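Participant: Please read through the structure below; I'll follow up with questions.
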Amino acid sequence: MAEITAALVKELREKSGAGMMDCKKALVENNGDMEAATDWLRTKGLSQAGKKADRVAAEGVVAVSLRKDGKGMTGAAIELNAETDFVARNDLFQNAARKVAVTALGIDGDVEALRAAKTADGEEISALVTNLIATIGENMAVRRSARFTVAEGSISAYVHNAVAPELGKIGVLVALEGAGDQDAMQELGRKIAMHVAATNPLSLSAEDLDPAAVERERAVLTEKAKEQGRPENMIAKIVDGQISKFQREVVLLEQPFVMNPDQTIKALLADTGKELGAEIKMTGFVRLALGEGVEKQVGDFAAEVASMTGGN
């Protein structure tokens, strides 16, 4: 068998526009024959997929998946991006997102490991996405992944702006530990997940809050107090009070529950724990909002389609 060198793979990639792993596989399948490998990629519909990789993929869906593990549970959330919102309504794309989310139940939140993992059908996630790119014709990527597990308790999920069951624009997971009734805890977690979707807290507790975020807020508040002409010897005390208020606004456990503003999330957990006869502890949450942090391109999609089809 011919040696498949990195230079050979690079040459085929530049020639075909396909992904690196697909090029390597094509060369292996065709004993290093460049022309045969090129034809192999074309027959698989992969020769153009790589050329789309420089196009911004900021649309798509966030998908969630839950699994009961006896007294415990596992939950996963993933973000699968595409270029246009139209693709998010495509059945092939939606089914792929569900497969990625189910596969993520077995991966500890590492998106690179998830891309290399295999679905229940035995297909590697990266290959699944590459084939989807070739079929649908848009750049796509598994961008983020998160997973929680509890040995005893529940994982709850909530999808906001749903485009289909378990798929939407915002996906939230909430992990609760406790020996109480699992179904009741899951319903509680779902309500808290809805709260998280609405309020977008920065951390679970004050201890978890990013010190850099606190210092930025402190700097802004200090400068504001100076501009307002507050006495220099009082500024530090004033800002400390405002920082405490800031923490109550952005820390999940300290936030007023949106369904009952007279009750904080911490109090909600304590009160529900008493009702169920077992302490409930929240061990984590995650909120994935579609396209968060991605710089979107603004363009004329209709014009792009027309240019691709020769204006017909």
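The values are calculated or read from the model by the stated rules, or taken from the named source; none is laboratory data. Keep in mind it's a predicted model, so treat the numbers as computed, not measured. Don't worry about glycine lacking a Cβ; one is built from the backbone with ideal geometry, like all the others, and counts go over all protein chains shown. Heavy atoms of the whole protein, side chains included, go into the accessibility calculation; ligands, DNA and RNA do not. Shrake-Rupley method; radii C 1.70, N 1.55, O 1.52, S 1.80 Å.
Participant: Open to solvent by 10 Å² or more (accessible area, probe 1.4 Å) and closer than 21 Å to ARG287 by Cα: which single residue out of VAL111, VAL100 fits that description?
Facilitator: Answer to the check: VAL111.
Participant: If you take the residues of segment 121-143 that are of a type in the set (D, E, K, R) and in a strand (DSSP E or B), which of them is farthest from LEU290 (Cα to Cα)? Give the derivation first.
Facilitator: Of the residues in segment 121-143, the ones of a type in the set (D, E, K, R) are 121, 123-124, 138, 143.
Among the residues that remain, those that are also in a strand (DSSP E or B) are: 124, 143.
Numbers: GLU124: 23, ARG143: 10 Å.
Result: GLU124.
Participant: Still on this structure: Going by what's in this entry, would ALA198 be described as in a helix (DSSP H, G or I) and surrounded by fewer than 19 Cβ atoms within 10 Å (Cβ to Cβ)?
Facilitator: Numbers: in a helix (DSSP H, G or I): yes; surrounded by fewer than 19 Cβ atoms within 10 Å (Cβ to Cβ): yes.
Considered against the rule, which asks whether it is in a helix (DSSP H, G or I) and surrounded by fewer than 19 Cβ atoms within 10 Å (Cβ to Cβ), ALA198 comes out as yes.
Participant: THR38 passes all but one of (1) farther than 21 Å from VAL129 by Cβ; (2) surrounded by fewer than 16 Cβ atoms within 10 Å (Cβ to Cβ); (3) modelled with pLDDT under 85; which number fails?
Facilitator: Just one mismatch for THR38, condition (2).
Participant: Can I ask one more? Out of all the residues in segment 203-242, which are surrounded by fewer than 16 Cβ atoms within 10 Å (Cβ to Cβ) and aliphatic (A, V, I, L, M)?
Facilitator: Matches in segment 203-242: ALA206, ALA212, ALA213, ALA219, VAL220, MET234, ALA236.
Participant: Tell me yes or no: at least one residue of segment 282-296 is out of contact with any Leu (no Cβ under 8 Å at 6 or more places or on another chain), assigned to a helix (DSSP H, G or I) and either surrounded by fewer than 16 Cβ atoms within 10 Å (Cβ to Cβ) or free of Cβ contacts under 8 Å to residues at least 40 places away in the same chain (or both). Quick ask: steps written out before the conclusion?
Facilitator: Keep residues of segment 282-296 that are out of contact with any Leu (no Cβ under 8 Å at 6 or more places or on another chain), which gives 287-296.
Narrowing the set further to residues that are assigned to a helix (DSSP H, G or I) leaves none.
Taking every residue of segment 282-296 in turn, none turns out to be out of contact with any Leu (no Cβ under 8 Å at 6 or more places or on another chain), assigned to a helix (DSSP H, G or I) and either surrounded by fewer than 16 Cβ atoms within 10 Å (Cβ to Cβ) or free of Cβ contacts under 8 Å to residues at least 40 places away in the same chain (or both).
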